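Engineer: Please find one structure pasted underneath; my questions will follow.
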Amino acid sequence: MPEIPELEEQERHLTLSQFTYDDAWRLGTLLVELARARQAPVAIDIRRGGQQLFHAALPGSAPDNDAWIDRKRRVVERYGSSSLLVGSRFRAKGTTFEDSSRLDPDAYAAHGGSFPIRVEGAGVIGTVTVSGLPQVEDHRLVVEALERFKN
């Protein structure tokens, strides 16, 4: 599991200069390519504001993955940090998100896989989320795609 400073640095480093509809398509198709190369049974979701700009479900994924996407995405929207980082911060305090956040666990999940889309001068404007792998692998897949997308 990555440490909190590493997760915080990922978010700083992966701040984008812009994020358009076309960018959502490019990032989404990049995630699909990476997932297919690994035969990863994932669902992928990209949102800006309240609008879904990209969604894909790959072989082996299930409707439950979409429910996980929604739960993880809500954590990013509420806290402005990746779902893995939010969960890690609660664990670092000796508790869990479920025990201490006072949020409905059917609506919120601080499990890795959702990452803020942060734009310079605008802050968090959306989310990119993957569900279907263990939480750290979901997170790493998103980070790898954002790294490639940014460069």
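The values are calculated or read from the model by the stated rules, or taken from the named source; none is laboratory data. Model, not experiment: these values are computed from the prediction. Reconstructed Cβ throughout: ideal geometry from the backbone, glycine too, with neighbour counts over all protein chains shown. The protein model used for the area step is the full one, side chains on, heavy atoms only, and it has no ligands, DNA or RNA in it. Shrake-Rupley method; radii C 1.70, N 1.55, O 1.52, S 1.80 Å.
Engineer: How large is ³J(HN,Hα), in whole Hz, for each residue of the range 28-35 in order, when computed from phi with the Karplus curve 6.51 cos²θ - 1.76 cosθ + 1.60 and θ = phi - 60°, using x for Gly and Pro?
Structural biologist: Result, ordered by residue: x, 5, 4, 4, 4, 4, 4, 5 Hz.
Engineer: While we're on this one: Please list the non-local residues whose amide H lies under 5 Å from the amide H of G126, H modeled 1.01 Å from N, same-chain partners needing a gap of 5 or more.
Structural biologist: Answer set, sorted by chain and number: G49, I117.
Engineer: How large is ³J(HN,Hα) for each residue in the range 38-51, as worked out from phi by the Karplus curve 6.51 cos²θ - 1.76 cosθ + 1.60 (θ = phi - 60°), to whole Hz, x for Gly and Pro?
Structural biologist: Karplus values, whole Hz, x for Gly and Pro: 9, 6, 7, x, 10, 10, 10, 9, 10, 10, 10, x, x, 9.
Engineer: Build a GNM of the chain with springs between Cα atoms under 10 Å: which of R26, R78, R102 gets the top mean-square fluctuation?
Structural biologist: Highest fluctuation of the listed residues: R102.
Engineer: If you count only protein heavy atoms with a 1.4 Å probe, what accessible area per residue comes out for the chain, rounded to a whole Å²?
Structural biologist: Per-residue accessible area for the chain comes out at 49 Å².
Engineer: Name the residues whose placed amide hydrogens come within less than 5 Å of the amide hydrogen of S114, ignoring near sequence neighbours (fewer than 5 apart) on the same chain.
Structural biologist: Result for S114 returns S83, L84, V130.
Engineer: When the Karplus curve 6.51 cos²θ - 1.76 cosθ + 1.60 is applied with θ = phi - 60°, which whole-Hz ³J(HN,Hα) does each residue of the range 58-72 get, with x for Gly and Pro?
Structural biologist: 9, x, x, 7, 9, x, 4, 5, 5, 5, 5, 4, 4, 5, 5
Engineer: Another one. Using a cut-off of 15 Å between beta-carbons, work out the net charge of the residues near F97 (Lys and Arg +1, Asp and Glu -1, F97 not included).
Structural biologist: Neighbour charge sum, excluding F97 itself: +4.
Engineer: Please compute the length gained on full extension between E120 and T96, using 0.36 nm multiplied by the number of residues separating them and subtracting their Cα-Cα distance.
Structural biologist: 5.5 nm
Engineer: Longest span of the chain, sites excluded, free of GluC sites (Glu not before Pro) in DSSP loop with at most 16 other C-beta atoms within 10 Å?
Structural biologist: That gives 4-119 as the longest site-free run.
Engineer: Quick one: order W25, W68 from most to least accessible surface, probe 1.4 Å.
Structural biologist: Greatest to least solvent exposure: W25, W68.
Engineer: Heavy atoms only, probe 1.4 Å: what % of the accessible area of the range 1-145 goes to carbon and sulfur, would you let me know?
Structural biologist: Reported share for carbon and sulfur atoms: 48 percent.
Engineer: Let's test the formula: R0 of 25 Å, r as the Cβ-Cβ distance of D66 and D22. What FRET efficiency results, to the nearest 0.05?
Structural biologist: Efficiency, rounded to the nearest 0.05: 0.55.
Engineer: In Å and from the alpha-carbon atoms only, list the Rg and Dmax of the chain.
Structural biologist: 14.2, 42
Engineer: Please give the charge dipole size of the chain, origin at the Cα centre, charges +1 on K and R Cβ atoms and -1 on D and E Cβ atoms. Round to the nearest 20 debye.
Structural biologist: Computed about the Cα centre, the dipole is about 140 debye.
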